[in-house]
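To keep things clear, I will list the structure first and then write my remarks on it.
The values are calculated or read from the model by the stated rules, or taken from the named source; none is laboratory data. Everything numeric in this text was worked out from a predicted model, so none of it was measured. Ideal geometry is used to build each Cβ from the backbone, glycine not excepted, and the neighbour counts take in all protein chains shown. Note: areas computed on protein heavy atoms with side chains; ligands, DNA, RNA excluded. Shrake-Rupley method; radii C 1.70, N 1.55, O 1.52, S 1.80 Å.
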Amino acid sequence: YFQDLLNKSEKALYDAFPSMYGELYTQNMKVFKDLYSELRRYYRGSNINLEEALNEFWTRLLERLFKLMNPQYHITDEYLDCMVKHAEQHKPFGEVPRDLKVKATRAFIAARSYAQGFLVGSDVVKKVSQVSLSHECTRAIMKLMYCPHCRGMSSVKPCNNYCLNVVKGCLANQADLNTEWKYLMDSLVVVADRIDGPYNVDTVIGTIHMRIAEAISNLQENKDSITAKVFQGCGNPKISTKGSSTEDKKRRGKVALEAKSSAQALEMLVLDAKGNLTALKTYWITLPGILCSKKVMASSAADDKCWNGMTKGSYLPEVMGDGLANQINNPEVEVDITKPDMTIRQQIMQLKIMTNRLGNANIGNDVDFQDASDDMSGSGSGDSCPDDVCGKRLSKSPSTRQPETHAIPKQSGHGINGASSRSLPSTFLLLLSVAFIAAQHLWR
């Protein structure tokens, strides 16, 4: 939507300016194209000083227009340098450059930070979804989903609390994203209010061409007085020996460009985005419950005829809290709370950085998006599931296995009870994949 506003403004300028300004436009077309190119690059995250880019545009435009409007004089580069030094005092374009700089910088800072916030959120989901399941988690999922079939209880659903403990153990590291993830969602909501409010993004970005036209009209209308002031400050330039071309004076005067407001469209987009952001605030800690209730189809918490990991009956252990630190006594998944997953820790840091940037954007301060951390990766190996995986609780001895952070989760493992190689609990892996892809889709 933001880029569409900019594209429409640029097209309106290209469509209207040739007939409005004649040579003033055709001989300076590159100046306008360069401005929109810089604005577009800035929005996409390039390390560009927006204020300097706008100042450069007005300087180049003034130099070229001054020469075109005074063709009878031989104006050197040194003379133009002198003129530019006095430009702030003479204000040849009126108040437009200063006003546009203040409004455009705030609007573009908010717009690009907002868009970058979504990209960071999407990238976090993508990278987190590539963290492979641990060996202990794989064993726990096998027990949760396959052992009832081995016991002749294929129609018995897993107990809900049992399922929650398994999934919370498997997604313990992911749940630690929750705090910084929530801060990012809150920050995006705040910036969204700025975009559709004080920073007036729709009006500022969509009417850049109109402000430029206004500035040029100011220069044309005050040409004589501005020229006299420049001559007074910089001296009279030499008369050109090449003769003078005539300025197309019939195009002078105020210009009326139509501004098609789409404020309602922006309001609806922002409202929809804020609704989705609010719904996603607690995504990482509500994911276990969603998976157990909608994907694993676990029975109700009060059911005493569900699969409890041993037999059909009620599930007595309490449900663990969210996050890695709360899994120390998880009865279903052995979780080494001293070894957090480094990929997820890195994503937590990325969320913190982006939230800080949005905080700066909210108050109109520019931010730099150039720094990026290298991906961290590791490797690990899985052992075969022991014969009695379905009959005994897992050992609580400290694990010496290195954290697994493969780029793509492994999809197969060793057999059980000496059987030939069989696939891992592919149903549950699919559930996790669907959940992560769904989250990623929301960011789009």
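Scan the stretch 82-91 and tell me whether some residue there is over 17 Å from residue 215 (Cα atoms) and free of Cβ contacts under 8 Å to residues at least 40 places away in the same chain. Within the stretch 82-91, one or more residues are over 17 Å from residue 215 (Cα atoms) and free of Cβ contacts under 8 Å to residues at least 40 places away in the same chain.
For residue 92, state whether it is assigned by the TED database to the domain that holds residue 32, in a loop (DSSP other than H, G, I, E, B) and either open to solvent by less than 30 Å² (accessible area, probe 1.4 Å) or modelled with pLDDT of 90 or more (or both). For residue 92, the condition - assigned by the TED database to the domain that holds residue 32, in a loop (DSSP other than H, G, I, E, B) and either open to solvent by less than 30 Å² (accessible area, probe 1.4 Å) or modelled with pLDDT of 90 or more (or both) - is met. Exactly one condition in (1) at positive phi; (2) without any contact (Cβ under 8 Å) to a residue 60 or more places away in the chain; (3) open to solvent by less than 30 Å² (accessible area, probe 1.4 Å) is not met by residue 22; state its number. Just one mismatch for residue 22, condition (2).
The rows are residues; the columns are (1) modelled with pLDDT of 90 or more; (2) more than 19 Å from residue 118 (Cα to Cα).
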residue: 144; (1), (2): yes, yes
residue: 163; (1), (2): yes, yes
residue: 170; (1), (2): yes, yes
residue: 182; (1), (2): yes, no
residue: 195; (1), (2): no, no
residue: 204; (1), (2): yes, yes
residue: 208; (1), (2): yes, yes
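What do you reckon, is residue 316 over 34 Å from the mean Cα position of the chain (by Cα), hydrophobic (A, V, I, L, M, F, W, C) and at pLDDT 90 or above? Spelling it out, residue 316 is indeed over 34 Å from the mean Cα position of the chain (by Cα), hydrophobic (A, V, I, L, M, F, W, C) and at pLDDT 90 or above.
Give the number of residues within the stretch 89-124 that are farther than 30 Å from residue 174 by Cα and either in contact with a helix residue (DSSP H, G or I) (Cβ under 9 Å, 6 or more places away or on another chain) or among the basic types (Lys, Arg) (or both).
So the count comes out to 20.
Taking the stretch 29-39 as the range and being closer than 21 Å to residue 113 by Cβ, open to solvent by 40 Å² or more (accessible area, probe 1.4 Å) and not small (Gly, Ala, Ser) as the test, only 38 passes. Applying the condition of being surrounded by 12 or more Cβ atoms within 10 Å (Cβ to Cβ) and at pLDDT below 55 to the stretch 230-258 and asking which residue is nearest to residue 72 (Cα to Cα) yields 247. Counting only helices (runs of 4 or more DSSP H) that sit completely within the stretch 108-201, those holding 3 or more residues that are more than 30 Å from residue 317 (Cβ to Cβ) and of a type in the set (D, E, K, R) correspond to 178-195.
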